[in-house]
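To keep things clear, I will list the structure first and then write my remarks on it.
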Amino acid sequence: MTITRRNLLAGAGAGALALTMGRAFAEKAEFNYKYANNLPVTHPMNLRAKEMVEAIRTETKGRVDIQIFPNNQLGSDTDMLSQLRSGGIELFTMSGLILSTLVPAASINGIGFAFADYAAVWKAMDGDLGAYIRAQIAKSNLIAMEKIWDNGFRQVTSSTRPVTTPDDLKGMKLRVPTSPLWTSMFKALGAAPVSINFAEVYSALQTKVVEGQENPLAIISTAKLYEVQKYCSLTNHMWDGFWFLANGRAWERLPENLRTIVARQINAAGMNERADVAALNATLQKELADKGLVFNKTRADAFREQLRRAGFYAEWKAKYGDEAWALLERSTGKLA
C-alpha cells in the first residue's frame, strides 16, 4: 500500500469500515481485543492499523479480532492509558513522552534537539536504547512491541509570529502534551507552556487559549491545525514515536503461537507506517504552504546552547540516570 493524499482523504471511510468489519467478525472470534489511539483516521497509523487487523484476522483464522477506536473515541490519552492498565482496552499506541507519567524512562527519546536525523533515531530506538525503554515499560505490566511507530520530528506553529531563535519563544503561550519533559524544555527556552490533551488542541488554538503548538507535519496536516495557525517553524526540536502497547494480562491470555503472529503483524505495520510518514514529510511542507502556512528554518545549535545554559540537559541526565543517558548519547553524541 502506498500512502497518498487521495487515500489519506479516503481514510475516514476506511476507519469506519474497519470498525464495522471488526464488529462483524467479533462474534466468532476467540479473542476480541480493542485497540485505541488518539490520531485521526486519515493518519498513516490508522490506515496501516486497518491492514494489520485484517492480516491478524486472516493469519489467526479468525481467532483474534481487533476493533480500532481512533481519534480519542475512548477518551483522552490519560483516560486511555488508565483503561489499558485496567484491561478496559487491550491495545493502545502512545507517545513515550506521555507514557513517561507512568514510566519515566519512556520520554528519553524526546530530549530536546538530541537527534540530528532519522538515522540517529532508528539507531537508538531499534537498538539498545529502545530495548532499555521496553524493559522499563514491562515493569508496569505493559508489553511494548519491538518496533516503535513514527510520529516524526516536531515543529512549532503559531498564530502570532515565526520562531527563528530562542528569543522568539519568550512568553509564547504554547500548547504542549501532558508531559513534564515538554514543559521543562519549553520553560528552559523561555516559553509559557500549557498542557492540553490532543483532543482539545484545535479548539484551544481556535479560541486563542494558546497561540501556538508543536507537532509533526503529518499531524498538523491530518488534524487540520493549519486552519488555525499561520506560521510553521521547522525546529525539529524533538523526535517522537508511538509505542504499540498491550495490557500484560491480555497479552498473556493469547497462546504463544497467536502472540507471535500478532506481534509480527504489529511490527510489520509499524515499519510500513514509518515509510509512510517519511514519504509524507517529503511532500507535506509544500502542501501545507499551499494551504497558507508560512514556513521558516531554524538553527538547532542556538536552541541547544540555550538548553545547556538553562541546565536542561544536566537536569534530565540526573533524572534518567547515567545508564539511560549513556545509551542515548551513543546515537546523539555528547549533550550534557
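FYI, it's all coordinate maths here, none of it is from the lab. Here the structure is a predicted model, which is why all the values come from computation and not from measurement. Glycine gets a Cβ as well: all are built from the backbone with ideal geometry, and neighbour counts include every protein chain shown.
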Original post:
If all Cα-Cα distances of the chain are sorted into 20 Å bins from 0 onward, what percent lands in each bin, rounded to whole numbers?
Top reply: 32, 59, 9, 0
Subject >> Residue order, fewest to most beta carbons within 10 Å, for ILE89, ILE261 >> reply: ILE261, ILE89
Original post:
If amide H atoms are built 1.01 Å from N in the plane of the peptide, which residues on other chains or at least 5 residues away come under 5 Å of the amide H of ASN215?
Top reply: GLN155, THR157
Original post:
Which pairs break 27 Å Cα to Cα here: LYS123/LYS173; LYS34/LYS139; LYS34/LYS317?
Top reply: LYS123/LYS173; LYS34/LYS317
Subject >> For segment 266-336, the fraction of alpha-carbon pairs in successive 5 Å shells from zero, as % >> reply: 3, 12, 13, 12, 12, 16, 19, 10, 2, 0
**OP:** Over segment 89-207, calculate the relative contact order: mean separation of alpha carbon pairs under 8 Å at least 6 apart, over the residue count, as a percent.
**Re:** 20
Original post:
Which of ASP65, ASP322 comes first, and how do the rest follow, when ranked by fewest Cβ neighbours within 10 Å?
Top reply: ASP322, ASP65
Subject >> Under 5 Å, built H, 5+ apart or other chain: amide partners of LEU39 >> reply: ASN71, ASN72
**OP:** Determine one quarter of the surface area of the Cα convex hull of segment 22-127, which equals its mean projected area, and express it in nm² to one decimal.
**Re:** 8.2
Original post:
Given the rule -39500 (n - 2.57) for each run of at least 4 DSSP H residues, summed and divided by the residues of the chain, what is its mean residue ellipticity at 222 nm, to the nearest 500 deg cm²/dmol?
Top reply: -14500 deg cm²/dmol
Subject >> Value of relative contact order over the chain, rounded to a whole percent, pairs C-alpha under 8 Å and six or more apart >> reply: 23
Original post:
Using 0.36 nm per residue, how much length does the chain from THR207 to THR78 gain when fully extended, once their Cα-Cα distance is taken away?
Top reply: 44.1 nm
Original post:
Between the helical axis of 77-86 and the dominant principal axis of the chain, each derived from Cα atoms, what acute angle in degrees is found, rounded to the nearest 10?
Top reply: 40
Original post:
For helix 11-26, what angle does its Cα long axis make with the longest principal axis of the chain, in degrees from 0 to 90 and rounded to 10?
Top reply: 30
Subject >> Distance between modelled label sites at GLU256 and ALA279, nm, 7 Å Cα→Cβ extension >> reply: 3.7
Original post:
By counting other Cβ atoms within 10 Å of each Cβ, how are VAL41, VAL103 ranked from fewest to most?
Top reply: VAL103, VAL41
Original post:
By how many degrees, 0 to 90 and rounded to 10, does the Cα axis of helix 44-59 deviate from the longest principal axis of the chain?
Top reply: 20
Subject >> In Hz, Karplus ³J(HN,Hα) per residue of segment 250-257 (6.51, -1.76, 1.60; θ = phi - 60°; x = Gly, Pro) >> reply: 5, 5, 5, 5, 6, x, 4, 5
**OP:** Can you spot the aspartates and glutamates whose alpha carbon is less than 14 Å from LYS28's alpha carbon? Ignore those fewer than 8 places along the same chain.
**Re:** ASP65
Original post:
³J(HN,Hα) across segment 293-304 via Karplus (A = 6.51, B = -1.76, C = 1.60, θ = phi - 60°), whole Hz, x for Gly/Pro?
Top reply: 5, 9, 9, 8, 8, 9, 10, 4, 5, 5, 5, 4
Original post:
If all Cα-Cα distances of segment 143-196 are sorted into 5 Å bins from 0 onward, what percent lands in each bin, rounded to whole numbers?
Top reply: 4, 17, 24, 22, 14, 7, 6, 5, 0
**OP:** Convert each backbone phi in segment 144-160 into a coupling constant with the Karplus relation 6.51 cos²θ - 1.76 cosθ + 1.60 (shift: θ = phi - 60°), then list the ³J(HN,Hα) values in order as whole Hz, x for Gly and Pro.
**Re:** 9, 5, 5, 9, 6, 7, 8, 9, x, 6, 9, 10, 9, 10, 8, 9, 10
